[in-house]
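This report concerns only the one structure given below.
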Amino acid sequence: MNTHTNILVVGSGGREHAIAKALSKNPQTRIFAVMNRMNPGIAELAYKVLIASETDPEVVKKFCIEHQIQFACIGPEAPLETGVVDALTAAGVKCVGPAKMAARIETDKSFCRNLMKKYNIPGLPEYHIFHSGTDAEAFLKTTTKEYAIKPSGLTGGKGVRIMGEHLTHEEACRYVHELKGNVVIEERLIGEEFTLQAFVDGTHLVPMPLVQDHKRAFEGDVGPNTGGMGSYTLPDHRFPFVTEEDYNSAFAIMKQTIASLAAEGTPYVGILYGQFMNTAQGPMVIEFNARFGDPEAMNVLSLLTSDFSTLVQAITTGTLDKAEVSFAKKATVCKYLVPEGYPDNPVSGGKLIPGPDNKALCYYASVVREGEFLVTQSSRTMAYVGIGDTLEEAERIAEEAASAVQGPVRHRSDIGTREVLEKRISHMKEIR
Ligand code: AMP
Ligand code: GLY
């Protein structure tokens with residue numbers, strides 16, 4: 001008799017390695033993986049791997065049927081958008097990840113903003129949707145205010161430009177013509193960003209520790225936006241620049257968003273990622289993602305002390321309210337190593353030699369194993385997560401591991417330092 005629970009992980013990045021690692025702690029779980037590219041970390045943990053298009057619903061479905069897979073965790077947004085969850089659900093596989101219609105909360109920014117408006121959900125910035133660059137430009141010409149300019153569809157976090165930060169008024173008028181599809185123009189929010197992720201079973205939400213990501217490529221938050229260079233959490237799972245009231249408002253916004261999706265007939269099951277700007281007036285929604293953040297998943301899943309495989313079952317059977325969910329009261333610091341030249345001209349094919357044994361957890365991302373070497377690809381390479389009783393300890397562990405790697409990669413040495421945290425705190429004091 002098969003006493004295993006077969007769980008599929010879709011995706012090949014650091015986030016998916018963290019998901020697979022969390023699942024692997026349950027000896028009853030048998031991990032399967034569908035990935036675009038062989039992630040050496042996932043490959044080590046998986047019982048069976050299929051290298052194929054993660055976004056092809058038929059391919060993923062066929063693999064599930066062949067291997068009697070009962071549950072699936074969808075890592076990235078792309079398979080959500082192409083309907084992988086819809087196909088798997090039809091085949092009887094229970095998915096952590098929303099169906100295509102509910103995933104629009106991330107994949108269609110116009111849908112997200114209109115939903116928040118329709119249901120009167122707080123935290124909605126002033127926004128305007130335009131169907132052409134000409135209309136968007138005409139609007140910008142009527143105002144001197146600063147706005148965030150966003151393509152409505154998926155961009156891997158790299159299509160957003162902020163006036164006053166990346167763009168002058170004149171450049172913004174030109175930029176809107178470069179974008180395909182609808183353009184969303186939103187009030188520029190000033191404050192400190194934080195991420196709140198939650199497990200969602202359609203009705204109930206269970207929050208995870210707050211995380212702060214670092215989008216900019218270089219130390220001191222300068223340079224182009226990236227998928228995220230690294231992130232940290234604190235032992236109390238909160239931040240000193242987010243008050244209890246801010247936190248409660250953010251969580252309430254997420255609950256209302258889930259209730260609205262259910263009211264629309266598109267119930268949401270999976271992970272909801274809320275990106276907030278904590279402003280003078282409280283938290284405002286920058287965006288929602290329909291999945292774990294990458295790198296944020298590596299922080300929170302490294303802290304999860306309850307069994308993730310059991311949680312997967314609770315999420316997909318609507319029983320999260322009865323589930324036991326706990327996270328270690330420790331700090332985490334995650335630092336991504338990225339190829340030199342990332343994000344604009346990443347050097348692939350670089351050979352890496354990891355440093356001596358260390359206390360950090362290592363998650364592989366866009367990297368392949370070739371004999372004794374790890375070889376860089378064109379995206380974020382691998383991440384180290386330090387865990388400690390204090391932020392300082394966690395940072396030191398991650399920094400030591402990241403800086404010991406030899407080869408054409410770099411990382412941000414400032415992520416998780418006390419200095420950066422103090423900067424966030426004083427910025428928040430300034431605007432409040
Ligand atoms: P997104 O892809 O929507 O997460 O945007 C990428 C980054 O742009 C965010 O992490 C923020 O730093 C910034 N951003 C997005 N929207 C706004 C906004 N309305 N005001 C200020 N910054 C923003
Ligand atoms: N780290 C941001 C994201 O996953 O979208």
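Looking across the range 1-39, the residues that are surrounded by fewer than 18 Cβ atoms within 10 Å (Cβ to Cβ) and within 21 Å of the chain's Cα centre (by Cα) come down to Asn36, Arg37, Met38. Just a yes or no: is a residue in the range 163-182 among the β-branched types (Val, Ile, Thr), at pLDDT below 95 and farther than 30 Å from Leu8 by Cα? The answer is yes; a qualifying residue exists.
Of all residues in the range 126-168, those that are crowded, with 16+ Cβ neighbours inside 10 Å and of a type in the set (Val, Ile, Thr) total 4.
In the range 229-252, of all residues being in a loop (DSSP other than H, G, I, E, B) and over 13 Å from Phe194 (Cα atoms), the one that is nearest to ligand 1 (Cβ to nearest atom) corresponds to Met229.
Condition first: within 12 Å of ligand 2 (Cβ to nearest atom), aliphatic (A, V, I, L, M) and farther than 23 Å from Lys329 by Cβ. Now tell me which residues in the range 188-245 satisfy that. Residue satisfying the conditions is Met229 alone.
Answer yes or no as to whether Ala262 is farther than 27 Å from Tyr384 by Cβ and modelled with pLDDT of 95 or more. Can you show your working first?
Values: farther than 27 Å from Tyr384 by Cβ: yes; modelled with pLDDT of 95 or more: yes.
Yes: the conditions hold for Ala262.
Applying the criterion of being more than 7 Å from ligand 1 (Cβ to nearest atom) and closer than 13 Å to Leu179 by Cβ to the residues of the range 144-158, the residue that is modelled with the highest pLDDT is Ile149.
Total residues in the range 102-125 satisfying the condition of being in contact (Cβ under 8 Å) with a residue 60 or more places away in the chain, surrounded by fewer than 18 Cβ atoms within 10 Å (Cβ to Cβ) and not charged (D, E, K, R): the figure is 3.
Going by what's in this entry, would Lys150 be described as in a loop (DSSP other than H, G, I, E, B) and of a type in the set (D, E, K, R)? Judged against the criteria, Lys150 is not a match.
Looking only at the range 180-214, which residues are surrounded by 18 or more Cβ atoms within 10 Å (Cβ to Cβ), at negative phi, within 13 Å of ligand 1 (Cβ to nearest atom) and outside any strand (DSSP E or B)? Answer for the range 180-214, where residues must be surrounded by 18 or more Cβ atoms within 10 Å (Cβ to Cβ), at negative phi, within 13 Å of ligand 1 (Cβ to nearest atom) and outside any strand (DSSP E or B): Leu189, His214.
The values are calculated or read from the model by the stated rules, or taken from the named source; none is laboratory data. Since the model is a prediction, treat every value here as computed from it, not as a measurement. A quick note on method: Cβ atoms are made from the backbone with ideal geometry, for glycine too, and the neighbour counts reach across all protein chains shown.
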